[in-house]
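Here is the structure we will look at.
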Amino acid sequence: MHKIAAELRHRELTQEIYNIGDEVVEYIEHLIEAIEDWDDELALDCLAELGDIVDDARVDSGRCVGELIGLRQALVSGVRGGTISAAASADNSLEEPKQLSARALEARFPISGPPVIVHELAAALRARTAGVADYLREMVEYVLAQTEAVARNLDMVSLPHLYNRAGQSVLIAVQAWRHSVVEAHPAYVRTMRGNNPPSFLDERARIAEIVARVAAKKEAARQADATA
């Protein structure tokens, strides 16, 4: 491959790594919004979507890293060398968030009783929900930091393994929320649902509306051509 072409491809693949990480955290953020709206059904849908995204990310990141390794070896060796560092510095100091189980969540925000005091129950359930959302935000920061570290230094961590672990940790945290909040106190969850509508749903509706308008224009043009 010509040197300039190799450098362009290197930049494309590096950007693709960032894009893969961005997409994974975008769907974790959807989960955060669903949980903060106390919407169990939407959270399950978001969890399923995240699973698909993680599966794609594992495959795509492995492909990108494999090709980047070959490009960097070519660009730092022989007559093609001197344009890209073989191991650029990267900050990998951010620790992986410890998995948040239902037992840990209940121990951190206990509910006393019986008898159960209503306002204490409500406060504990709100704290558990906020705790899970905060944990998922920590996971977002961790995934972004690790993705950037690999974009700078391909030997830092395995991205396929990173996304797999992140997906599993998110699943455990969401299951903890469902077990200790949704399933344990469904009546309270119903009263809270809908008070904090997820913004990503508005964006999806806006995109769907645009797609529908474009499709309608194409169909109108097709029919006009057919009758001309």
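The values are calculated or read from the model by the stated rules, or taken from the named source; none is laboratory data. Given the structure is predicted, the values throughout are model-derived calculations rather than measurements. For neighbour counting, all protein chains shown are included, and Cβ atoms are generated from backbone atoms with ideal geometry for every residue, glycine included.
Worth pointing out:
- Test: residue in region 178-189 that is outside any helix (DSSP H, G or I) and either of a type in the set (A, V, I, L, M, F, W, C) or not assigned by TED's automatic domain parsing to the domain that holds GLN15 (or both): yes
- Positions within region 19-35 being surrounded by fewer than 19 Cβ atoms within 10 Å (Cβ to Cβ) and over 18 Å from ARG165 (Cα atoms), in sequence order: ASN19
- Selection count, region 176-195, where residues are within 24 Å of ARG58 (Cβ to Cβ) and surrounded by fewer than 16 Cβ atoms within 10 Å (Cβ to Cβ): 0
- Among residues of region 102-135, those that are over 32 Å from the mean Cα position of the chain (by Cα) and in contact (Cβ under 8 Å) with a residue 40 or more places away in the chain, counted: 0
- For the residues PRO160, PRO97, PRO115, PRO197, the requirement of being assigned to a loop (DSSP other than H, G, I, E, B) and touching a helix residue (DSSP H, G or I) at 6+ places or on another chain (Cβ under 6 Å) singles out PRO97.
- Tabulated pairs, region 55-74, first more than 16 Å from VAL143 (Cβ to Cβ), second of a type in the set (Gly, Ala, Ser) and in a helix (DSSP H, G or I), C-beta under 9 angstrom, 6+ apart or interchain: LEU68/ALA151; LEU71/ALA6; ALA74/ALA6
- Across region 105-132, the number of residues qualifying as touching a Ser or Thr at 6+ places or on another chain (Cβ under 9 Å) and at positive phi comes to 0.
- Single residue of region 36-78 satisfying the filter (among the charged types (D, E, K, R) and within 14 Å of the chain's Cα centre (by Cα)) that is farthest from PRO160 (Cα to Cα): ASP45
Each row is one residue, and each column tells you yes or no for (1) of a type in the set (D, E, K, R); (2) outside the structural domain of GLN175 (by TED's automatic domain parsing); (3) at pLDDT 95 or above.
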{"site": "ARG11", "(1), (2), (3)": "yes, no, no"}
{"site": "TYR18", "(1), (2), (3)": "no, no, yes"}
{"site": "GLU23", "(1), (2), (3)": "yes, no, yes"}
{"site": "TYR27", "(1), (2), (3)": "no, no, yes"}
{"site": "ASP39", "(1), (2), (3)": "yes, no, yes"}
{"site": "ASP55", "(1), (2), (3)": "yes, no, yes"}
{"site": "GLY66", "(1), (2), (3)": "no, no, no"}
{"site": "GLY70", "(1), (2), (3)": "no, no, no"}
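- Any chance LEU171 is among the aliphatic types (A, V, I, L, M), in contact with a helix residue (DSSP H, G or I) (Cβ under 8 Å, 6 or more places away or on another chain) and within 17 Å of HIS30 (Cβ to Cβ): yes
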